[in-house]
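Note sheet for the following structure.
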Amino acid sequence: MKKGLFLLLFCFCWALVSVGQPKDYEWRQPSSNSSESMPCGGGDIGMNVWVENGDVLFYLSRSGCFDENNTLLKQGRFRVSLSPGLDMKHFRQILHLGEGYVEITDGHTSVQVWADVNKPVAHVDVMSPGTKQVIAATYESWRTKDVILTKREAFQTSYKFAAPKGLATRADSIVAGEQGVTFMHRNGAETVFDATVRQQRMETVKERLYNPLKNLVFGGRMSGRGLVLMDKAGGRYGSTNYEGWMYVSQEPQMHFHLQIALATVQGTVAEWEAELAKTEQAVKRVEDCLASRQWWRAFWKRSYIEGPGEAIRNYNLFRYMLGCNARGEWPTKFNGGLFTFDPEYVNGAAEYHLSPDFRNWGGGVHTAQNQRLVYWPMLKNGDSDLLKGQLDFYLRIYKNAEERSRLYWGHEGACLTEQVENYGLPCFPEYGTKRPKDFDAGMERNAWLEYEWDTCLEFCMMALEAHRYSGMDIADYVPMIQSCLRFFDEHYQYLASQRGAKRLDGRGKLVLYPGSGGETYKGAYNSTSTIAALKTVAQALQGYAKEKKDTALVGYLQGLSARIPDITVREGMIAPALHYERVQNVETTQLYPVFPWRMYGVGRADIEVARRTYENDTLAVKFRSHVGWKQDAIWAACLGMADEAARLTDLKMGNGPHRFPAFWGPGFDWTPDHNWGGSGMIAMQEMLLQEVGRKLYLFPAWPRERDVSFKLHASGNTVVEAQLKGGKVVRVRVTPLARQKDVVLE
């Protein structure tokens, strides 16, 4: 047997010898349409894989592929047909979680779909021992010509409900050659970035602004040895017309390999072509397969939650989906990540006839309240390295946000809005297209988003926590964190100086007015969520500065901390603010001091104040839900309310409405709803492990009748493993051993 074939067979059989990995997830029937697809990916690639009418199909997405309008475009759809094909009587489609690939098999022929975690290449391997198959591989695209977007379609762009007339998704360049089909999308010099700069009167500083969209080129090439171009055909899938380029194997084969290599550059087409060729030349299929399988095995060894029930299974399925963008330069989007499918199969969207590129709430715009919930679980999972894509997002854009502060108000600090573009400016429609002539040019004219600036502080805290948990080097992020804090310090002193002679109140505190409690408590005076954020981040950054002996930064933070006002507690409950003018949405920001800011909770003083707030605050009760980004399950867990936490987590992490159970949504956003899954992960983690100071609280909100075992992370590179069985804790292991004494069994 040839060495390459032996290694390939070894790669195929890897799952048979795996131990200690999550259970495979399996289907025994093919699918009806793309909504019944299964996620697959790695590195920064995501694929939706399904079998329909005997064909293996998959959508292919890559992080960071933003077009002129900031739509996150798919690379295309791929179809693999076999003849004589699979025996559907013995059909199995298996997501091998432990090794990160999807297998379609009839027990004889096996088709494996996988992504290289180290380079942007997707692979399809066909093994049919003893039976030669004719292979047909088709690249399908719906972007073969410019398409004018409808009013509803424009919600996939950064223009959303304020799209200019004639807004279009531009056609890709598609070339079918002897070596395969090459597909590419290139943005021009003029994009939504330029429209946003003009709208927000920032032309004078435009040349200094970071612009990720100008001349961005992305795409790839599908190829396979022995394939020849056979046919070009059109068709319609779902609501969308497409064209296809079919390549067929010259001879029947028992084993076959198809690859789709991808490239993204910000430059010329020639530079893109060179990058694509470089990627293709670097492919070593067998070695790449083994390296990718090893990466996934190591990924699952970092942490786990094991036990019976849908919620735990879906926790692991969703963690896999997050791992598929582990190497992404751009963060996993809350509104579908890399796994959106044809919109007509999402509740309520069929009537709009939308393309597979559609997702609600845009592709490049970043809704921070939602994004944060995707990334908080990574700390306890031991996946701090996965935070890089999200933290680097802010690192790239915060300088543009500083330019806003200087231009509009003449002070320092990064003004990062709640809905912020991937170039750091407010989203075009939310900035407001109908603005009074003398309205503050730095302000959004938007009832939901005005004065909502504090969510950037959660990502600052993630960086500080990543350092505390794993020792991550966060030196590059510290100026960004300081800038985010400085904005609140300087801007609210600036606003006070516009109203009168004093910049602080009578107690020497900042007057945080006008402010906001999420999108809900508007016109807030001393918003609780803002105060909790400022206090917690300033304290954490001060601890870091002391560690690094940065006396100047310590001094500034001590002064800032003294200027931050106190949270308002009224009638024994946490108030959303000292005062607010109206309620606009359904966020319970009075409980943000519980999570994400951990000022109240198990093992902390005044926990009863927070519990009373959860149980008795009329709006907290009215807003209670498990849907989407709702955090009630997290708060119940953080407050040690085991039955309530379990009730809400069962609802949140139960099966979603689609065939793949972790495709939740649309909730408030889109499907798959990643902030739905992220908030559920956080809740489950908090039910199992909480850390207060040096104390490690085990099972603080986990019902004793539910068997479970877990491995989760805490600060100082601490790993906690424990098992609850038959109502008793039967195993506890803490690494390093010196922290065993910190364990508290709740």
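The values are calculated or read from the model by the stated rules, or taken from the named source; none is laboratory data. Note that the structure is predicted; figures quoted are calculated from it, not measured. All Cβ positions, glycine included, derive from the backbone under ideal geometry; neighbour counts span all protein chains shown. Accessible surface is based on the protein model in full, side chains and every heavy atom, while ligands, DNA and RNA are left aside. Shrake-Rupley method; radii C 1.70, N 1.55, O 1.52, S 1.80 Å.
Tell me which residues, restricted to segment 701-721, are out of contact with any Ser or Thr (no Cβ under 8 Å at 6 or more places or on another chain), open to solvent by 10 Å² or more (accessible area, probe 1.4 Å), in a strand (DSSP E or B) and under 18 Å from ILE634 (Cα atoms).
Those that are out of contact with any Ser or Thr (no Cβ under 8 Å at 6 or more places or on another chain), open to solvent by 10 Å² or more (accessible area, probe 1.4 Å), in a strand (DSSP E or B) and under 18 Å from ILE634 (Cα atoms): none in segment 701-721.
In segment 171-202, which residues are at negative phi and in a loop (DSSP other than H, G, I, E, B)?
ALA171, ASP172, GLU178, GLN179, ASN187, GLY188, ALA189, GLU190, THR191, GLN200, MET202
I need a count of the residues in segment 630-657 that are of a type outside the set (Asp, Glu), more than 24 Å from GLN371 (Cβ to Cβ) and open to solvent by 10 Å² or more (accessible area, probe 1.4 Å).
Within segment 630-657, residues that are of a type outside the set (Asp, Glu), more than 24 Å from GLN371 (Cβ to Cβ) and open to solvent by 10 Å² or more (accessible area, probe 1.4 Å) number 5.
Report every pair of residues separated by at least 6 positions or lying on different chains whose Cβ atoms are under 7 Å apart, first residue within segment 169-198 and touching a residue at least 12 places away in the same chain (Cβ under 8 Å) and among the basic types (Lys, Arg), second in a loop (DSSP other than H, G, I, E, B) and buried (at least 21 other Cβ atoms within 10 Å of the Cβ).
Going by the 7 Å Cβ cut-off, the qualifying pairs are ARG170/ASP67; ARG170/GLU68.
Starting from segment 395-410, keep only residues that are under 20 Å from ALA475 (Cβ atoms) and modelled with pLDDT of 95 or more, then list their pairs with residues that are open to solvent by 50 Å² or more (accessible area, probe 1.4 Å) and not in a helix (DSSP H, G or I) whose Cβ atoms are within a distance under 8 Å, requiring at least 6 positions of separation or different chains.
From residues that are under 20 Å from ALA475 (Cβ atoms) and modelled with pLDDT of 95 or more, the pairs are LEU395/ASP476; ARG396/TYR210; ILE397/TYR210; LYS399/TYR210; GLU402/GLU412.
Look at segment 239-256 and say how many of its residues are in contact with a helix residue (DSSP H, G or I) (Cβ under 6 Å, 6 or more places away or on another chain) and open to solvent by 30 Å² or more (accessible area, probe 1.4 Å).
Final tally of qualifying residues: 0.
Mind telling me which of the residues VAL627, VAL602, VAL586 ends up being in contact with a Phe, Trp or Tyr (Cβ under 6 Å, 6 or more places away or on another chain), open to solvent by 30 Å² or more (accessible area, probe 1.4 Å) and modelled with pLDDT of 95 or more?
Answer to the check: VAL586.
Provide a single number: the residues in segment 328-376 that are open to solvent by 10 Å² or more (accessible area, probe 1.4 Å), out of contact with any strand residue (DSSP E or B) (no Cβ under 8 Å at 6 or more places or on another chain) and among the charged types (D, E, K, R).
3
Are any residues in segment 549-563 touching a residue at least 60 places away in the same chain (Cβ under 8 Å) and either over 30 Å from PRO576 (Cβ atoms) or in contact with a strand residue (DSSP E or B) (Cβ under 9 Å, 6 or more places away or on another chain) (or both), and if so, which ones?
If the condition is that a residue be touching a residue at least 60 places away in the same chain (Cβ under 8 Å) and either over 30 Å from PRO576 (Cβ atoms) or in contact with a strand residue (DSSP E or B) (Cβ under 9 Å, 6 or more places away or on another chain) (or both), then LEU553 is the only one that fits.
Are any residues in segment 379-434 in a loop (DSSP other than H, G, I, E, B), open to solvent by 10 Å² or more (accessible area, probe 1.4 Å) and within 19 Å of VAL192 (Cα to Cα), and if so, which ones?
Within segment 379-434, THR433, LYS434 qualify.
Considering only segment 525-563, state which residues are closer than 24 Å to SER715 by Cβ and not in a helix (DSSP H, G or I).
Of everything in segment 525-563, those that are closer than 24 Å to SER715 by Cβ and not in a helix (DSSP H, G or I) turn out to be LYS548, LYS549, ASP550.
ARG143 versus (1) part of a helix (DSSP H, G or I); (2) closer than 21 Å to VAL269 by Cα: which is the lone unmet condition?
Result: ARG143 passes all but (1).
Applying the selection to segment 494-527, what residues are surrounded by fewer than 22 Cβ atoms within 10 Å (Cβ to Cβ), touching a residue at least 60 places away in the same chain (Cβ under 8 Å) and closer than 20 Å to SER561 by Cβ?
If the condition is that a residue be surrounded by fewer than 22 Cβ atoms within 10 Å (Cβ to Cβ), touching a residue at least 60 places away in the same chain (Cβ under 8 Å) and closer than 20 Å to SER561 by Cβ, then TYR494, ASP505 are the ones that fit.
What is the number of the single condition among (1) part of a loop (DSSP other than H, G, I, E, B); (2) open to solvent by 40 Å² or more (accessible area, probe 1.4 Å) that TRP664 does not meet?
Every condition holds for TRP664 apart from (2).
Is one or more of the residues making up segment 323-335 closer than 16 Å to TRP670 by Cβ, part of a loop (DSSP other than H, G, I, E, B) and modelled with pLDDT under 95?
No, segment 323-335 contains no residue that is closer than 16 Å to TRP670 by Cβ, part of a loop (DSSP other than H, G, I, E, B) and modelled with pLDDT under 95.
Any residue at all in segment 611-630 that is within 25 Å of LEU696 (Cβ to Cβ) and hydrophobic (A, V, I, L, M, F, W, C)?
no
What tally of residues in segment 435-480 results from selecting those that are crowded, with 16+ Cβ neighbours inside 10 Å, of a type in the set (Gly, Ala, Ser) and farther than 17 Å from TRP376 by Cα?
1
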